[in-house]
Structures are given as C-alpha cells and as structure tokens.
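A.B. asks: What follows is a single structure, and I will ask about it in a moment.
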Amino acid sequence: MNPAILRLENVSKSFAGPRGEVRVLRGLSLDINAGEFVAMQGASGAGKTTLLLLAGAMLRPETGRVVVNGVDVYAAGAEERAHCRSRHIGFVFQQFHLVPYLSVLQNVLAPGIAFANGETNGRAEEVLARFGMTHRLHHRPAQLSSGERQRVALARALLHRPALVLADEPTGNLDLENGRIVLDALAEVAKEGAAVLLVTHDPGASARAHRVIPLKPVEQAASLLQP
Amino acid sequence: MRVVLTRIFAFAKVGLFMSIFGIVLREIVYRRLGFVLGVFTIALAVGCVLGQLLILEQHDRRSEVILTVHEAAYEKELADLEDDIRVFTKNLGFNLVIFPKDANLAHFSSKGYIDSTMPQEYADRLAKTPLVSVNHLLPVLEKRVFAPEVDLEIKLVGTIGELAIAKKGKKKPFLEPVATGKIILGNELRRRLEGKTKPAGGTLNPGDKITLLGRVFTIHKLQPKHLGPEDTTAWVHLKDAQEIFDQPGRINALYALGCNCSAGRMGVIREEIEAVLPETQVEEFETKAMARAESRTRAAQTRKSILDQAGKERTELRDQKEAFLGVLVPLVTLAALTLLGVIAWTNMRERRGEIGLYRALGWRSSQILALVLLRALVVGVTGTVLGLLVVLAAGRMQGEGYDWIATHGIVLPVLLLGAPIASLIAAWIPALYAARQDPADILQQELT
C-alpha cells in the first residue's frame, strides 16, 4: 500500500460570523495516499475551500494535525511551512491566479524563486508542452483564454513535481473540452505517483476520481449522525 | 557548501529573467502610474533640496557681484564727496593760527581778531623754514573797525595771499591775493555802498571805485551773500591794512594750514612752528578746516559703514534663506515620506492577491519583503537621479556649471544616499505588512 501523502487527523475549524461562531469542519480525518486521486464533493459552504487551505499548510486548524509527506506542517514554523509548500504541494485554483505582468513561462517559473530550487526553463517548457502551451510561452495571461490560463496554472503547480496536488474547482470556469484536459492531467499526475485532492461540486469531475468523499455542512452532518 | 553552490547555480540558470529584481522591474512596467508617482515624489523632494542649494549658491554669487559693484560705486561716490568737501572747504579757514606770545585769546574769541601784533618778518621766517607738515601760510592784519561810509562796524582783513613755503615751490594761492589799492567786498558792504554811491537800482561792479575808511579802493571782487561775518568783511592788501591801521610791518595773525589728510597730525605741525617762532603761541583754530578733516574721516567711516551694512544685510539674507532651507528640508522630507508611504501602501494593497499567491507558492516572508523594498529602492534611485538631473539642467540653463554642488560638500552624497533610504523607510511598514500576511487570509478571500 502506498504511503499517505496527506493525513488529516481530527481536524476542526470555525470562523467568527456576524451571528456568532460558524463551525466549518468538525473532527475531520482523512488520508490520501500517493498515486490516489480523491474528490471532495459538496455544496457551497460545506467547507471545501477551508479544507483545501488546511491541507495546503496555509490555514491552521483549531484541533487536529495535518501531515504532508511526513511533515506535521502546523507543528513547524511559518518559514518551514512555506518551504513545505514550495517543495511538496502544488496548487490549482478556480480563478487561476496567474501574475498579470509575467509571461506564461515566467508564471510557471515563479515557484522556482521560492527556494531557488533549480527549476529551469527546460522543465517549465516541458510541463507547458505537456498541456499544449508551447506556442504561448511569451504571452501574458490577459492574452490567453480561460482554458489556457488554467493549463498554465496547472503547469505551474506541477513544475517542481509535487507530492500533493490540491485543486480547487479547477474546471469551474472552463468549457467541457478544457475541463477534460485538466481532469486528464490531474489523473495523469496521480498515475505518476502524486496524491491529488480535488475539491468540486461537479459530479462529472468527481467521477474521474478514485475516491469521492462527500462533504456536508457541519450542522447538517451532525444531524445526519444522530439516530 | 554544496547547497549554496547549487542555489547559486540555479539562480544563475534562472538568472535575472526570473529573479525577484526581474519581477520587480516587470511589475513596475505593468503598474507604471504608481511608479511614476513615486519617482516624481522623490525627484520633487531631491529637486527641492538641491534647488534650494542652487538658489543659495546663485544668491551668494549675485550678491557678491552686486556688492562689488556697489562697493566700486560707493568708493567713487565717496571719493567724489571727499573731493567736493576738500574743494568746498578749501577757502574757508585754517587749522592753526599763530598769535603773538602775549595775545589775549579772550579778545580773539569775542571780537574775532587779536589786538596785539608781531613782526611780518615772522611769516617770512616761517615760510623759509623747510616745514614738513604746513602746506599754506597766510600772514594777516585784521581788525574790526567802524566805517562811516557804510555806517557799520566792519572787519578789515589785510593779507598778501599765500607765502611760498621752502622746498614746496609756488603753490596755487590758498586765498585769492588782493593787489594794493584793490578791495574785495562782503555782500552787506556792497549793498550799503551801492545805496550811497549809486542811483536806485544801480549796482557796483569790479573795477568801480569806492571809498572805505577814508581810502579809495578799486573793487577787485564782490563776494556773494553768506549770511555770516563775511558779509561785513573787506579784504585788502596787507600793506594797505598796515597803513590804515598805522602798523607798518606788523601782522596780528599768521594762519597756517597743516596737513589736510588727517586731524590727528596737528600736534606735529604745532611743534614744528613753535620751534621756528618761539615768540609766538600756536593755537588750534576750530574752524571749518577742522570740520573738513573731520568730514573726510566721517566720509571714510560712512563708506565703511555703508559697505559693512551691505555685507551684513547680505549675510542676514543668506541666513534667512538658510533658515528657510532648514525648515523646508525636514518638511519636504516628511511630506515625501508620507506620500511615498501612501503610494507603497496602495501598491501593496493592489498586489495583495499576488502576494498571497507568492506566499502560497512557497515564497518566504523575506522574499516578499525584498519584493516590496526592492521596488521602493528602484523608485528612490530613479527619483533621486531624475531630481538631480533636473536641477543640474536647470542650473545649466541659468548659466551655472556643476561645481556649485561640490561647494556644498557632504550634502550631495547625503542626498544621493538619503533619498533612496527615505524611499525604503516609507515602504518599510507596507513591506512588513505584506511579509506578515497569512496567505490563507488572502487566498480565502480570493477563493470564496
């Protein structure tokens, strides 16, 4: 059995809302192994994005532990967490989050600055070629279609061969064809040995995953657990 | 070591193309407006300070030129004034008067002449002595006497004009000589004689004959009105006066004009005269000649005072400008810092999502700090260079060279270093804020 790349143990998170505290996650435990493609499916407000940020070493849970590739990320300091993100985690966002003044190639290389980890133009061009973006290397994000932007974001996430890929509604703004390309890529990454956590409310996207975990709002989930 | 080398190698491969500095430059090009505003702010502050220095420098030079021109003008005007005073007072009196040993000075004070006499030969003796200091000698027999022709007590002055002093050659007569049988009339005497000798409206003229003190004289000259003792004075040849007063070969005063350059040399002149004429007494004569010497001294003092005042005003004006600069520089610095801080803060807020992304991609907080501060440094350096170039160009347009900057010593290096540092300081708080931002906070807002 492949080792767990992402392990969430009894993780809880709540936020202060206008009418008091809003609990988003309560006692959630989850393991995602290397080579596993997991989809977390739920409606808006179910805590999908919160879960993604927790798993991405960017949002400290109130309780529980988050272990990425063997590193207890919230037991470490901020700089070590940053190091962990740059080494082990790749992010794909629904809104792409490309830097507007950098070219496609430069956007893909941006994570390489974090620790000067030696990712070169060659590797960037390789991942971009994988997504059919060779002809767009020196274009700015504003000159790309939505599908192309997401492919660039995907290339950026995969530049440093992360052990864990976190994707937040990556097909939410894409047409079917581009959505298929992205999902194919995520499946391919998983096949290559990375753990992939896809957060989506799209059943079609979830269908591509090895495992689908439904995520319900805490209050609803609690009531469902009651006899 | 290996890790360091690997990183250096990796950086070399990625190079400037994908360094933080490269990203800063691209961001600057992308958000030009904010950059231009920041650069103009720095350039304005630098230009303001350097411009003030330039103005001070120009003020110094121009006021120096003006002062020099004024100094030359004052010199000329005051030299002319001195000359005017010398000419104007030339005929008005003497510094010293030599009296007989037994002269009653109280009589002189009350009547204006000495009632005792001394030999006229004294004048000749003194004139033949090689006096160092005395320039002019004038033997005189003068008395106040009632003249029935004008029904007035007049002063009759008998003189032979000036005696030539040994080794000094013949000088231009200090007092206009009057030949025997001729007379110079004061204005009041002329008026009265006209009333008696001429029909109504008739006037006396040089060459006319008049009778005074029972003696007929030919008018040599008529004096203008002085509104003083001169108006009732008549000048005749010494010999005529001696005959009128029945004192042949006698004089009662010998006027001696000493050095005309300083009132402080009277003591020397007096000693010289008393050595030659022991049977006399030498008195300092409080005449207009004394005033002349004093006037000269005063004129020189006035000149010095005017020039000193001009110099003082110039220094005060410069001090005022320096004081203004002393207030302006901190104010401009504070205003520039505030504005730069606002610009840096706005820029940071605008880039919040981008900074969150860099953090999510694994950038360390020091790299985020560098991202913001490097931008501030580029703004600071560019603004400083621009401000410097603008002021230098403005100076050139006004005919200045570049050497004026050197005269202000430490100011330029302080400014060249200080302005970029000020830009860094202004961006420091926004940079710290950006570096401490939790990427989750930013991305959560972006993602939800």
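A.B. asks: Enumerate the amide H contacts of A:ALA163 below 5 Å, restricted to partners 5 or more residues apart or on another chain; note that Pro and chain-start residues carry no placed amide H.
C.D. replies: Under 5 Å from the amide H of A:ALA163 lie the amide H atoms of A:ILE89, each far enough along the sequence or on another chain.
A.B. asks: Over the whole of B:360-372, what's the average partner chain Cβ count within 10 Å per residue? Rounded to a whole number, please.
C.D. replies: Details: counts 13, 17, 20, 8, 9, 3, 2, 5, 1, 0, 0, 1, 0.
Other-chain Cβ atoms within 10 Å of each residue's Cβ, averaged: 6.
A.B. asks: Looking at the range B:18-46, which residues lose a minimum of 40 Å² of accessible area between their chain alone and all protein chains in place, measuring with a 1.4 Å probe and not counting ligands or nucleic acids?
C.D. replies: For the range B:18-46, once contacts with the other chains are taken into account, B:MET18, B:ARG26, B:TYR30 lose 40 Å² or more.
A.B. asks: In addition: Let's see if you can work this out: charge +1 on each Lys and Arg Cβ, -1 on each Asp and Glu Cβ, no other charges. What is the dipole magnitude of the range B:347-411 about its Cα centre, in debye to the nearest 20? Display every interim value, and only then the final one.
C.D. replies: Details: 7 positive and 4 negative charges, 102 e Å.
I would put it at about 500 debye.
A.B. asks: Something else about it: Give me the percent of accessible area attributable to carbon and sulfur for the range B:299-448, probe 1.4 angstrom.
C.D. replies: Details: 5040 of 7490 Å².
Whole-percent figure for carbon plus sulfur exposure: 67.
A.B. asks: Could you report the accessible area of B:VAL65 in Å², rounded to 10, computed with a 1.4 Å probe on the protein chains as they sit in the structure?
C.D. replies: Solvent-accessible area, nearest 10 Å²: 90 Å².
A.B. asks: Each residue of the range B:105-117 in order: what ³J(HN,Hα) in whole Hz does its phi give by Karplus 6.51 cos²θ - 1.76 cosθ + 1.60, θ = phi - 60°, with x for Gly and Pro?
C.D. replies: 5, 5, 5, 4, 5, 7, 9, x, 7, 9, 8, 9, 10
A.B. asks: When the Karplus curve 6.51 cos²θ - 1.76 cosθ + 1.60 is applied with θ = phi - 60°, which whole-Hz ³J(HN,Hα) does each residue of the range A:208-213 get, with x for Gly and Pro?
C.D. replies: In residue order, the calculated couplings are 7, 7, 6, 9, 10, 10 Hz.
A.B. asks: Just to confirm a number: summing +1 for Lys and Arg and -1 for Asp and Glu over residues other than B:ILE219 whose beta-carbon lies under 10 angstrom from that of B:ILE219, what do you get?
C.D. replies: On the way: positive: B:LYS182, B:ARG190, B:LYS209, B:LYS221; negative: B:ASP208.
Local charge sum for B:ILE219: +3.
A.B. asks: On average, how many beta carbons from a partner chain sit within 10 Å of the beta carbon of a residue in A:120-126?
C.D. replies: Counting other chains' Cβ atoms within 10 Å and averaging over A:120-126 gives 2.
A.B. asks: Just to make sure I understand: if all protein chains stay in place, what is the order of A:GLU169, B:GLU71, B:GLU188 by accessible area at 1.4 Å, largest first? All intermediate terms of the calculation are to be shown ahead of the outcome.
C.D. replies: Working: A:GLU169 15, B:GLU71 75, B:GLU188 40 Å².
Of A:GLU169, B:GLU71, B:GLU188, the descending order of accessible area is B:GLU71, B:GLU188, A:GLU169.
A.B. asks: Could I ask something else about it? Tell me which residues come under 5 Å, amide H to amide H, from B:VAL178 once H is placed; ignore anything under 5 positions away on its chain.
C.D. replies: B:GLY161
A.B. asks: From the P(r) of chain A, can you give the percent of Cα pairs sitting at distances over 27 Å?
C.D. replies: Working: 8434 of 25651 pairs.
Tail fraction, whole percent: 33.
A.B. asks: If you take the beta carbon distance between B:LYS304 and B:VAL65 as r and set R0 to 22 Å, what does 1/(1 + (r/R0)^6) give as a FRET efficiency, to the nearest 0.05? Working shown, then result.
C.D. replies: Values: r = 20 Å, r/R0 = 0.93.
Calculated transfer efficiency: 0.60.
A.B. asks: Follow-up. At a probe of 1.4 Å, how much accessible area disappears from chains B and A on forming the pair, both sides counted, to the nearest 100 Å²? Please report the intermediate quantities before stating the final value.
C.D. replies: Details: alone 23970 and 10770 Å², together 31600 Å².
About 3100 Å² of accessible surface is lost on pairing.
A.B. asks: Still on this structure: Whole number in Å², please: accessible area per residue of the range A:54-113, 1.4 Å probe, ligands, DNA and RNA not counted. Walk me through the intermediate numbers first.
C.D. replies: Details: 1670 Å² over 60 residues.
Counting only protein heavy atoms, the per-residue value for the range A:54-113 is 28 Å².
A.B. asks: With the other protein chains left in place, how much accessible area per residue, in square angstrom, belongs to the range B:343-402 at a 1.4 angstrom probe?
C.D. replies: On the way: 2280 Å² over 60 residues.
Value returned for the range B:343-402: 38 Å² of accessible area per residue.
A.B. asks: What percentage of the solvent-accessible surface of chain A, computed with a 1.4 Å probe over protein heavy atoms, is contributed by carbon and sulfur atoms? Each step should come with its number before you reach the end.
C.D. replies: Values: 4620 of 9180 Å².
Reported share for carbon and sulfur atoms: 50 percent.
A.B. asks: Report ³J(HN,Hα) in whole Hz for each residue of the range B:22-37, in order, from the Karplus equation J = 6.51 cos²θ - 1.76 cosθ + 1.60 where θ = phi - 60°; Gly and Pro get x.
C.D. replies: The phi angles translate into x, 5, 4, 4, 5, 5, 4, 5, 5, 10, 5, 4, x, 5, 4, 4 Hz.
A.B. asks: Where does the charge balance sit around A:ASN10 when Lys and Arg score +1, Asp and Glu -1, over other residues with C-beta under 15 Å from its C-beta?
C.D. replies: +2
A.B. asks: Return the average number of partner chain Cβ atoms within 10 angstrom of each residue Cβ along peptide A:90-100. Spell out each step's value before the answer.
C.D. replies: Details: counts 1, 6, 0, 5, 2, 4, 1, 9, 2, 10, 5.
Averaged over the peptide's residues, the number is 4.
A.B. asks: Something else about it: What FRET efficiency, computed as 1/(1 + (r/R0)^6) with R0 = 35 Å and r the Cβ-Cβ distance, is obtained for B:GLU77 and B:VAL411, rounded to the nearest 0.05? Please report the intermediate quantities before stating the final value.
C.D. replies: Details: r = 40 Å, r/R0 = 1.13.
Using R0 = 35 Å, I get an efficiency of 0.30.
The values are calculated or read from the model by the stated rules, or taken from the named source; none is laboratory data. In this text, all values refer to a predicted model and were calculated from it rather than measured experimentally. Virtual Cβ from ideal backbone geometry, glycine too; neighbours counted across all protein chains shown. Remember, those area values only see protein heavy atoms, side chains included, never the ligands or the DNA or RNA. Shrake-Rupley method; radii C 1.70, N 1.55, O 1.52, S 1.80 Å.
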